[in-house]
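Notes follow the structure.
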Amino acid sequence: MVSRVGLIVLMAGLVGVVMAAKPVPPQATIAPEVVADYVHAVIEADRAVYTRHVVDRLSAKGVLTASEHWDVQNTLLLPAQFLNESARLVAKKEQGIRYRLVSLWPIYERNGPATEFERAGLKAVLKEPGKTFTGFVESGQRRFFQAIYADVAVSQACVGCHNTHPSSPRRDFKEKDVMGGIVITIPLSR
Ligand code: HEC
């Protein structure tokens with residue numbers, strides 16, 4: 001004999017199984033801040049793997065170093081250039097998604113904030129590196145979501161190179177300083 005409570009539990013369990021097996025409804029959407037977090041996680045992981053397992057490893061073994069003019073010097077790309085080159089390929093797909101490394105003290109002017117929103121975001125992540133700065137922006141007829149993540153000097157190498165680069169406008173970076181940010185732009189419609 002199944003008790004009344006037992007029957008209710010059994011039926012609730014069956015309903016649960018049927019509901020769980022249903023396909024995801026087509027209108028299901030992911031919030032843009034979540035998409036930006038996903039994209040950021042991938043960019044950061046690729047950059048870390050390239051830095052640690054390619055650049056650091058090959059230079060420690062004396063095989064090959066990374067340098068800015070890698071194409072003419074036959075060296076490895078700098079991690080910042082690796083990120084930029086990948087971003088260029090992503091932008092070529094014309095899906096509207098873009099990302100770039102920016103700073104209030106950029107080695108190259110092209111890496112400075114492109115808009116007031118980016119400038120405000122860089123200032124905000126400088127104060128609170130753990131908090132992503134987000135907002136909606138418009139360009140032409142299209143609306144985009146933008147997220148700015150702090151880019152921190154995780155090693156002495158970051159500081160050393162930026163403090164001594166001939167084009168760097170700032171020369172007093174210290175380890176753990178926020179050196180800039182990663183701006184991720186996501187289109188809100190296609
Ligand atoms: C060997 C030199 C070198 C090292 C090491 C280095 N960078 Fe850079 N970084 C550059 C150069 C050169 C650029 C400009 C790349 C370009 O736009 O072509 C750049 C660009 C950047 C930018 C964009 C703004 C700007 O200054 O143009 C940020 C932010 C940045 N780097 C942060 C970092 C961080 C954080 C690290 C350490 C994890 C780091 N960099 C390590 C040379 C270096």
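Name the single residue that is nearest to the ligand (Cβ to nearest atom) among those in the stretch 87-108 being over 19 Å from residue 158 (Cβ atoms) and touching a residue at least 24 places away in the same chain (Cβ under 8 Å). The qualifying residue nearest to the ligand (Cβ to nearest atom) is 98.
What residue, of 36, 12, is away from the ligand (no atom under 16 Å from the Cβ), part of a helix (DSSP H, G or I) and at pLDDT 95 or above?
Details: 12 fails: at pLDDT 95 or above.
The match here is 36.
Within the stretch 21-53, the set of residues being touching a helix residue (DSSP H, G or I) at 6+ places or on another chain (Cβ under 9 Å) and without any contact (Cβ under 8 Å) to a residue 60 or more places away in the chain comprises 30, 46, 47, 48, 50, 51. Pairing each residue of the stretch 54-72 that is surrounded by 15 or more Cβ atoms within 10 Å (Cβ to Cβ) with any residue that is outside any loop (DSSP other than H, G, I, E, B) and β-branched (Val, Ile, Thr), provided the two are 6+ apart or on different chains, yields C-beta distances under 6 Å for 66/55. Here residue 80 passes the criteria (1) outside any helix (DSSP H, G or I); (2) among the small types (Gly, Ala, Ser); (3) out of contact with any His (no Cβ under 7 Å at 6 or more places or on another chain) except the one numbered (1).
Can you tell me which residue within the stretch 151-190, out of those that are among the hydroxyl-bearing types (Ser, Thr, Tyr) and more than 15 Å from the chain's Cα centre (by Cα), is farthest from the ligand (Cβ to nearest atom)? It would help to see each step written out before you state the result.
Filtering the stretch 151-190 down to residues among the hydroxyl-bearing types (Ser, Thr, Tyr) leaves 155, 164, 167-168, 185, 189.
Checking the rest, the ones that are also more than 15 Å from the chain's Cα centre (by Cα) come to 155, 164, 167-168, 189.
Numbers: 155: 6, 164: 9, 167: 8, 168: 7, 189: 29 Å.
Checked the stretch 151-190; the qualifying residue farthest from the ligand (Cβ to nearest atom) is 189.
Meeting the requirement of 1 or more residues that are aliphatic (A, V, I, L, M), touching a strand residue (DSSP E or B) at 6+ places or on another chain (Cβ under 6 Å) and surrounded by 17 or more Cβ atoms within 10 Å (Cβ to Cβ), the strands (runs of 3 or more DSSP E) wholly within the stretch 88-190 are 98-102, 142-152, 178-187.
Look at residue 81 and say whether it is open to solvent by 30 Å² or more (accessible area, probe 1.4 Å) and within 10 Å of the ligand (Cβ to nearest atom).
Details: open to solvent by 30 Å² or more (accessible area, probe 1.4 Å): yes; within 10 Å of the ligand (Cβ to nearest atom): yes.
Yes; evaluated as a whole, the condition is true for this residue.
The values are calculated or read from the model by the stated rules, or taken from the named source; none is laboratory data. Being a predicted model, the structure only gives us computed values, none of them experimental. Every residue, glycine among them, receives a Cβ derived from its backbone with ideal geometry; neighbour counts consider all protein chains shown. Side chains are part of the model used for accessible areas, which takes the heavy atoms of the whole protein and leaves out ligands, DNA and RNA. Shrake-Rupley method; radii C 1.70, N 1.55, O 1.52, S 1.80 Å.
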